[in-house]
Structure formats: C-alpha cells, structure tokens
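Report on the following structure.
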Amino acid sequence: MLPLRLLVVLVFFTMLVSCKQSEPDNRTVFTLNLDQGLSSLDPAFARNQYVIWMDNQIFDSLVQMNDSLETVPSVAKSWEISPDGKTYTFHLRNDVYFHDDPLFVGGKGRRCVASDFVYSFRRIIDPKIASSGGWIFNGKVSGMDAFEAPNDSTFVVKLLNPFPPLLSMLTAQYCSVVPHEVADHYGKDFRSHPIGTGPFKFKYWKEGEILVLLKNEKYWEMDGDQRLPYLDAIKATFISDKQTAFMEFVKKKLDFFNSLDGSYRDDILTKSGKPTRKYKGKFQMIIAPYLNTEYLGMLVDTNLAIVKSSPTRDKRIRQAISYAIDRRRLVKYLRNSVGTPGHAGFIPRGMPGFSATEVKGYEYNPEKAKKLLAEAGYPNGKNMPPITLQTSTTYKDLIEFVQGELNSVGIRCVVEVNQSTSLRDLIAKNSVNFFRGSWIADYPDGENYLSVFYSKNYVPIGPNYTSFKNAKFDRLFEASYYEPDNEKRYAMYRQMDNLVMEEAPVVILYYDQLMNLYQNGISGFSTNAQNLLILKRVKKK
C-alpha cells in the first residue's frame, strides 16, 4: 500500500499532467533526471552539482549571478564597500518571504530580514553544523561576530582583510538564506525539510525515486510585470543509468538532459561535436563554456602514511603521468570534441584571467614521460609498484583510456571503481592516493580554483584534496586579497597556477563544456559558464 504522502503527490501529478478535457489546463511541470542521486537539500552542504541545482530553485542569496557572470542584486537590492575593502553593507528588500511552514506563526512564511543572513552565515562556519562550505570564509572572518544586523533591512559583513572576490563568492549556494525556526527544529534533517525564499517550494522527496517542487506563488522577483516563476512545478527522477534516462528524454518524458555518457555518445554526436543526422532538429542542443576542470588528483603530503609508500610521492612520477596522456585524442574520441584539452593550469578556460600561453601545463610527450621515469629510478617502469586510480562508474571509459596511456609508457595502473558518493567521501578525507576529480566553480573567480591548493584549506577544513603545501603559493594567495585591480590580481593567479603545475599534484585532463539538451517546447532557459540550472524564467509549451 502506498504511503499517504506519496499517494497525495501522485494524485497531484496525475491531475497536473492529465489530458485536457472539459476545460483547458495550462499548468506546466518541468521534468529532469538526477542520475547521480541527491545527497541533501540543505545549502550548507551544496558541494556537488545536483545539490546546487536543486538548492538554486528553493533558496535565494544576497546576490546572484547573471549569464555574463556578473554579480547582480537578489535579496540585497544594493550595497556599499568601505574604502579599506573590509566592510560590506547590504540593504535588503522588504518583500521577500520564506515559504509557508507549520513552524512559522499561523503556518505562514514570515518576512526575510537581516538577522536571517546573520544566522545563515554563522551556520556555515559553525563546527557543530560541519558545513562542507565552511572553507569559503576560512581566513576571511574572525568568527561569528563578523556578521551583523543593525536593523531588519541592513546586513553587514566584516572581513579580517580585503577580499575582492567576496561579491562573487556570495552568489554560491552555500550563502543561501535559511530560517532559524525550521533549520534549528530539524537539525540534520533540514536536508529533507528545506524552507527558503526561492521561486519553488519543497513538496516531496522520496530518495532515489522522486523529488517534487511546486511554484512559490508569493515569490518576490518579477519579469517585467509578470511574477516569476512561469512553471507550476518541477519533478526530478533518479534513473541511475544515463542511457535509460536519455531514452526517457527521447520519448519526451524528460524536458531536460545534461551530459552524454560514452556508451551512446556516438549515436548523438559526431566526433566533431555536431548532432548526428538521426537526432538533428529533434531537440535543442546547447554547447557552451563551462567552468569545470576535470583532473586527476594525487596526494603529495609525505607525512601521510599512504603517501610514503606511493610512487606518486615523487614529483617526477607525477609529471610523467601528465606527459603520458594524449588529451586531444581523449577529448575528440571520448568526448566527441565537447571540451578543451587541459594543456594549461587548474583555472579553466572561460574564467576571467585564463591564459593558455602564460600558464605552462603539459602537452602530450611520451618520450619525456619515459625520461622522467628513468630519472626517478624506474627505466621503462621497471620495478615501479603499480598505482591505483580511483574513479566512479560515470567516468569508467575515460579512466580506462588514461590507464592505457599510462601503461604504454611503463606506468602500471590499476583502476578501482566506486560509487560517486563513496568516492567523494574518501577524497574529502585524504583516504585515496590517486583519484579522478572535477572542480566546478562555486563562484566565477580564479581564487575559487586556487583555494584548492591553499595550505590552510587542508581537509577537513577545506577542499585541499591533494594535501598540497607551498610557502610561495600561500604568500601569493594571501597577497592577492589586497589587490583590487583585476588584471594585476589575475597575473598573481597565473603565477600561483604555474607553481601548482610545476609541482604537479593534479593532472589536468580537460576544461569542460556544458552540453544541455532541451525539448523544443522549452524556452527561457539560462546558459551560463557555471552551468547553474536557473528555472524561474523557463516556459514550457
């Protein structure tokens, strides 16, 4: 027998998508699939793409990013920055309300005020919450007293030192505003009872099966004289097999599909990245820059027990791995030319300040790889212990390609496949030596990528998953906070990126491009280099 809540939801959707009979029904449901599951709906844990996507529908932040990667108002209608660059004062709208919930007086969502941002930002850095986003304020604020609310419409952030990317950083989903009544009441279970101020409100989530969000009829944002959003509901399914999910899209049971799996990519795309004749015109295909660096990471801190016995503790081995991989062939034949070979640094193409000429990465050079192996004491790989490369099922074909490339120069590579969530946890605990990773921009500034190598972001405090430590890098990283001139700061970023490339804790595979598919009846979708799913302006015929 179906649980009552699930029965109610199924009845709702039966009514919502039923065929038009006695009278027109223009209500619209946007359907998508989250093949890698959903770990939380709490913005304090918005560390992967699908959580970010769904949180972006439910929650708002002080500021938001437009498709040109510019910071524009959201709940904050305006702001000022002090002359010393250390105090940010935000002036809030007075027409933003939380979604209705029984925990509010009378069950009606109350107005969002400045003290809600104080609570939300303190929550991010509270050790008891253990937010995966706590690192974003690491070294930037003194503690809880850095956030103040002089009155209901004024919110103040006080920094220890200037930090020019702050406004960009505040667009991250970690910085969403949440109500203390609901978050405190549910504690860890706020992950499945989210209440925000966003364009859609939470209705139902049966993990691994269905997620339902409904239109927030009281949403504050307007499109001209039209109150957003246009859609009546969002429905997410959790089909783990990408090919099965794509067939659901072909049958028009999904309105949106993102990224193509290697098992059927050739059926849809030519090797040059164009739609095949079979699917041309059947749906809308959007290919655009995406601030995502796909890479291989290696632990480099020799104080860690698992590093002491690993060949990758030697920089020459790490560099040899980078020289051994033909990235152009990888992108053309495994990605059907969707992406850019990673021959520069960790900061991806499309990010302001990116330079493929000033940052020296690694081109394909198998002879150089063999030379470095010999210098490290392993001529042609002789007597070198095998290295284990950890990946998830989604990237198995890509990693098997890497395995073949490494084996061809004498580096014996063993591939271990894990579930995505399990592998993320292992990486976040410095528990694997060699792993496939990706870094999707939390906010569009190169500092976000370089923070991955800052020593004070060593796990579990932050995302320094390779345990990289370099005194010169740290000095430059901290000095960049005091450089308000963007071009000068970007030059410092390139210096840091070159230091990382020289020490080679990461192997840059490619800079991603988003490839999103929409049914022909969908319009108003956003195309931005963060691949942030913005559905509040989407219309469906």
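Rule-based calculations on the coordinates, nothing more; no lab input. Predicted, not measured: the structure shown is a model, and the values here were computed from it. Cβ atoms come from the backbone with ideal geometry, glycine included; neighbour counts cover every protein chain shown.
Couple of notes before you dig in:
- Judged by the ratio a/c of the largest to the smallest principal axis of the C-alpha gyration tensor, the range 189-322 counts as oblate, that ratio being 1.5 or greater while a/b is no larger than b/c.
- Amide proton proximity set for Val415, modelled H, under 5 Å, gap of 5+: Leu389
- Remark on Tyr510: its backbone amide H falls under 5 Å from those of Glu294, Gly342, a criterion applied only to residues 5 or more positions apart or on other chains, H modelled at 1.01 Å from N.
- Spin-label zone in the range 142-171 - amide nitrogen under 19 Å from a point set 7 Å from the Cα of Thr87 along the C-beta vector: 142-164, 166-167
- Segment Ser68-Asn407, extension gain: residue separation times 0.36 nm, minus the distance between their alpha carbons: 117.8 nm
- Amide H to amide H, with H built 1.01 Å from N, Tyr204 comes under 5 Å of Val212, counting only residues 5 or more places away or on other chains.
- In sequence order, calculated HN-Hα J values of the range 285-295 (Karplus, 6.51, -1.76, 1.60; Hz; x Gly/Pro): 10, 10, 10, 8, x, 9, 6, 8, 9, 8, 8
- For the range 185-191, 3J(HN,Hα) computed residue by residue from phi via the Karplus equation (6.51, -1.76, 1.60; θ = phi - 60°) reads 5, 8, x, 4, 7, 4, 4 Hz, glycine and proline entered as x.
- The slack in the chain from Lys206 to Asp95, taken as 0.36 nm per residue of separation less the alpha-carbon distance, amounts to 36.7 nm.
- Neighbour-count order for Ser451, Ser272, fewest beta carbons within 10 angstrom listed first: Ser272, Ser451
- In this structure, Lys274 and Val415 have a Cβ-Cβ separation that, at R0 = 25 Å, corresponds to a calculated FRET efficiency of about 0.20.
- Global form of the chain, assessed from the alpha-carbon gyration tensor, a/c cut-off 1.5: oblate
- Sequence-separation-based contact order of the chain, relative, with Cα cut under 8 Å and 6+ spacing, percent: 18
- Over the range 289-514, Cα pairs under 8 Å with separation of 6+ residues give a relative contact order of 36 percent.
- Angle in degrees between helix 49-58 and the longest Cα principal axis of the chain, rounded to the nearest 10: 20
- Distance between the range 79-115 and the range 343-405 - C-alpha centres, whole angstrom: 47
- Positive minus negative residues near Ala491 (Lys, Arg vs Asp, Glu; Cβ under 10 Å): -1
- Here the extension length gained between Glu248 and Met144 equals 32.7 nm, from 0.36 nm per residue of separation less the Cα-Cα distance.
- Neighbours of Lys77, meaning other residues whose beta-carbon lies under 15 angstrom from its beta-carbon, give a summed charge of -3 when Lys and Arg score +1 and Asp and Glu score -1.
- Separation of the range 258-301 from the range 508-541 is 13 Å, based on Cα centroids.
- If R0 is taken as 35 Å, the Cβ-Cβ distance between Lys382 and Arg328 corresponds to a FRET efficiency of 0.75.
- Label-point gap, in nm, between Asn486 and Lys218 - each point 7 angstrom along Cα→Cβ: 3.8
- Dividing the summed helix terms, -39500 (n - 2.57) for each DSSP H run of n ≥ 4, by the number of residues in the chain produces a 222 nm estimate of -7500 deg cm²/dmol to the nearest 500.
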